[in-house]
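The block underneath contains the structure these notes are about, expressed in structure tokens.
The values are calculated or read from the model by the stated rules, or taken from the named source; none is laboratory data. On a predicted model such as this, the values are computed, not experimentally measured, just so you know. Neighbour counts run over all protein chains shown; Cβ positions are idealised from the backbone, glycine included. All accessible areas refer to the heavy atoms of the entire protein, side chains included, with ligands and DNA or RNA removed. Shrake-Rupley method; radii C 1.70, N 1.55, O 1.52, S 1.80 Å.
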Amino acid sequence: MVLALGAAVIAPAPAARPVAVQRSEAQRIYAKWCSDCHSVPGRPGSMALERKYHGNPSAILEQRTDLNPDYVKLVVRHGISFMPSFRKTEISDAELALVADYLAHPAAGDAKPGKAKAGGK
Ligand code: HEC
């Protein structure tokens, strides 16, 4: 019994999970660890990035279209300026992969909760 349970826990087969589930999981992790500093203008991360880029690209990480997953992982594991680094005991490699992919492809299938707007201008 214990062995069977263990096998189930270490074999989650993440690639088989639907994209929508991975996105909401990424958003949950992001909300827990990142959005305090990066959610909206006026947060420490947003202010630092506004100072750095002057709005181009956006100071709001979730609005960026120029991030790549490897860069996000590097920054999260090593920290940058006064952004702290995060350990694997805080954010696992699998979780970081989800968040990095989410930030690198923020628009993929995105419809802001409650603000879905279909096409048009
Ligand atoms: C304590 C506040 C804080 C937290 C929490 C935080 N960050 Fe940051 N982050 C910053 C600051 C400040 C900067 C800008 C550093 C600089 O001036 O270059 C930054 C920069 C970044 C950058 C670099 C953007 C660029 O254009 O170079 C990425 C990517 C990033 N953060 C991702 C994350 C992710 C993902 C998380 C959650 C796992 C997170 N941050 C949590 C404060 C934070």
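Within the accessible surface of segment 67-109, defined with a 1.4 Å probe on protein heavy atoms only, the carbon and sulfur portion equals 60 percent. Applying the criteria of a DSSP loop state and at most 14 other Cβ atoms within 10 Å to the trypsin sites (Lys or Arg not before Pro) of segment 15-105 yields Arg87, Lys88. For segment 83-97, the Karplus equation 6.51 cos²θ - 1.76 cosθ + 1.60, evaluated at θ = phi - 60°, returns couplings of 6, x, 8, 10, 7, 5, 6, 8, 10, 5, 4, 5, 5, 5, 4 Hz by residue, with Gly and Pro reported as x. Along segment 33-40 the Karplus relation, 6.51 cos²θ - 1.76 cosθ + 1.60 evaluated at θ = phi - 60°, assigns HN-Hα couplings of 10, 10, 6, 3, 9, 10, 5, 9 Hz to successive residues, with x for each Gly and Pro. The residues of segment 67-109 have, on average, 59 Å² of accessible surface per residue, using a 1.4 Å probe with all protein chains present. Here the Karplus curve 6.51 cos²θ - 1.76 cosθ + 1.60, taken at θ = phi - 60°, turns the phi angles of segment 51-57 into couplings of 5, 6, 10, 6, x, 9, x Hz, with x standing for Gly and Pro.
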